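Right, one structure below, let's go through it.
The values are calculated or read from the model by the stated rules, or taken from the named source; none is laboratory data. Bear in mind that the values here come from a model prediction, so they are computed numbers and not experimental data. Glycine also receives a Cβ, built like all others from the backbone with ideal geometry; neighbour counts cover every protein chain displayed.
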């Protein structure tokens, strides 16, 4: 996992900057996520749930050292909020490889709240729409 | 940037959308500092789509007050203290896709729309597809209101300010994510004043003698959202967050 995370960090490099339009969550962000624990993940999209109250998508992240694949759940804003930021439900497709910057869940599950998504194939940055607010 | 995003918004869902009735500045851009529009009866027209400017009142309705200025009853203070670390987040109504309550719904995510009609103001909330009615026809509250999430509202004009009184709450909502409690004794007074075309000020007085020793007042502002409209938001479609939030299930 750490290897994959380091690789994803290199891939994203300094070209990536935060597009910090924070969205609000329908529940307490700080109760679910630990803003002191950012994480960078790279993986192939396995499922997209374009649903309320928050979009979830899932990626398979491979540990380069052990070869073990872990499926991560990644949360974004609501479909309406993401649409207002320029997303559509076709912005990210199954099997796309994405670089994700996110905030880890507090409960230890393979869940994180997305801040940015970059399509690895062309470097296109999909707007993030974290459900974290401006002042956690 | 904002306008670009919102223009894209409309076109993403509809085509051939007529331009909104919006004053333009010399540069041809919407002039949100223009005076508030008025209706033929001379009253300000509060109609429009509004959204919170900042999440701070969602997090803490008393964000602008000094520490200690919320006049808690002792049990309410103890309850808020116990909720401060987020350990009861699962017990908040919104996290369960149940209504946010008044006044939190105005500070919560998703825009909301005021439709001002003669004798009646309707507020449509995109969040969870909820609505409020504010009756301005002189009716009064019944003695024994059914408990409800968003209350019953009557209104009247005080000059250019719409004063909305709401009662008949169920006491199950939190005033903010910090967990300030409400009881069935809650009485909320909202004073809506459209400061200019793009800004709506809401002065909120919380009067809940079972939870607070005296009424307390805060003022928040929301901003007009141009070139978008409300969209369906069915919260319980796929609420995966609840399982990851600490706390007990709602009773």
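The set of residues from region A:44-72 being more than 25 Å from residue A:29 (Cα to Cα) and part of a loop (DSSP other than H, G, I, E, B) comprises A:63, A:64, A:65, A:66, A:67, A:68. Report yes if some residue within region B:133-147 is modelled with pLDDT of 95 or more and within 14 Å of chain A (Cβ to nearest Cβ); otherwise report no. Scanning region B:133-147 turns up no residue that is modelled with pLDDT of 95 or more and within 14 Å of chain A (Cβ to nearest Cβ).
Scan region A:84-95 and tell me whether some residue there is within 14 Å of another protein chain (Cβ to nearest Cβ) and under 13 Å from the mean Cα position of the chain (by Cα). Full working, then the answer.
Of the residues in region A:84-95, the ones within 14 Å of another protein chain (Cβ to nearest Cβ) are A:84-91.
Filter once more, keeping what is under 13 Å from the mean Cα position of the chain (by Cα): none.
No, region A:84-95 contains no residue that is within 14 Å of another protein chain (Cβ to nearest Cβ) and under 13 Å from the mean Cα position of the chain (by Cα).
The single residue among A:71, A:110 that is surrounded by fewer than 19 Cβ atoms within 10 Å (Cβ to Cβ), farther than 29 Å from residue B:126 by Cβ, within 13 Å of chain B (Cβ to nearest Cβ) and modelled with pLDDT of 95 or more turns out to be A:110. Checking each residue in region B:25-43 for being out of contact with any helix residue (DSSP H, G or I) (no Cβ under 9 Å at 6 or more places or on another chain), within 17 Å of residue B:226 (Cβ to Cβ) and surrounded by 12 or more Cβ atoms within 10 Å (Cβ to Cβ) picks out B:31, B:32, B:33, B:34, B:35, B:36, B:37.
Which of the residues that make up region B:55-76 are in a helix (DSSP H, G or I) and surrounded by fewer than 16 Cβ atoms within 10 Å (Cβ to Cβ)? I'd like the intermediate steps shown before the answer.
First, pick out the residues of region B:55-76 that are in a helix (DSSP H, G or I): B:56-59, B:74-76.
If the condition is that a residue be in a helix (DSSP H, G or I) and surrounded by fewer than 16 Cβ atoms within 10 Å (Cβ to Cβ), then B:74, B:75 are the ones that fit.
Restricting attention to region B:1-43, the residues that are more than 14 Å from chain A (Cβ to nearest Cβ), at negative phi and modelled with pLDDT of 70 or more add up to 25.
Tell me yes or no: at least one residue of region B:84-103 is away from every other protein chain (no Cβ under 11 Å) and more than 24 Å from residue B:124 (Cβ to Cβ). Taking every residue of region B:84-103 in turn, none turns out to be away from every other protein chain (no Cβ under 11 Å) and more than 24 Å from residue B:124 (Cβ to Cβ). Return the residue satisfying two criteria in turn: it lies in region A:113-125 and is part of a strand (DSSP E or B) and away from chain B (no Cβ under 14 Å), and of such residues it is modelled with the lowest pLDDT. Of everything passing the filter in region A:113-125, A:125 is modelled with the lowest pLDDT.
Please verify whether residue A:63 is out of contact with any helix residue (DSSP H, G or I) (no Cβ under 8 Å at 6 or more places or on another chain), in contact (Cβ under 8 Å) with a residue 12 or more places away in the chain and either over 30 Å from residue B:89 (Cα atoms) or buried (at least 22 other Cβ atoms within 10 Å of the Cβ) (or both), treating the condition exactly as stated. So residue A:63 does not fit the description; no.
For first residues located in region A:77-93 and touching a residue at least 60 places away in the same chain (Cβ under 8 Å), partners that are surrounded by fewer than 19 Cβ atoms within 10 Å (Cβ to Cβ) and part of a helix (DSSP H, G or I) and lie 6+ apart or on another chain with Cβ distances below 7 Å form the pairs A:85/B:5. Residue count for region B:157-192, restricted to those that are part of a strand (DSSP E or B) and in contact with a helix residue (DSSP H, G or I) (Cβ under 6 Å, 6 or more places away or on another chain): 1.
Can you tell me which residue within region B:212-236, out of those that are surrounded by fewer than 15 Cβ atoms within 10 Å (Cβ to Cβ) and within 9 Å of chain A (Cβ to nearest Cβ), is farthest from residue B:59 (Cα to Cα)? This residue is B:232. Within region A:74-91, restricting attention to residues that are in contact with a strand residue (DSSP E or B) (Cβ under 6 Å, 6 or more places away or on another chain) and in a loop (DSSP other than H, G, I, E, B), the residue that is modelled with the lowest pLDDT is A:91. Selection over region B:149-173 of residues that are surrounded by fewer than 22 Cβ atoms within 10 Å (Cβ to Cβ) and farther than 30 Å from residue B:250 by Cβ gives a count of 8.
Would you say residue B:178 is within 20 Å of residue B:65 (Cβ to Cβ) and within 14 Å of chain A (Cβ to nearest Cβ)? Quick ask: steps written out before the conclusion?
On the way: within 20 Å of residue B:65 (Cβ to Cβ): yes; within 14 Å of chain A (Cβ to nearest Cβ): yes.
So residue B:178 passes the test.
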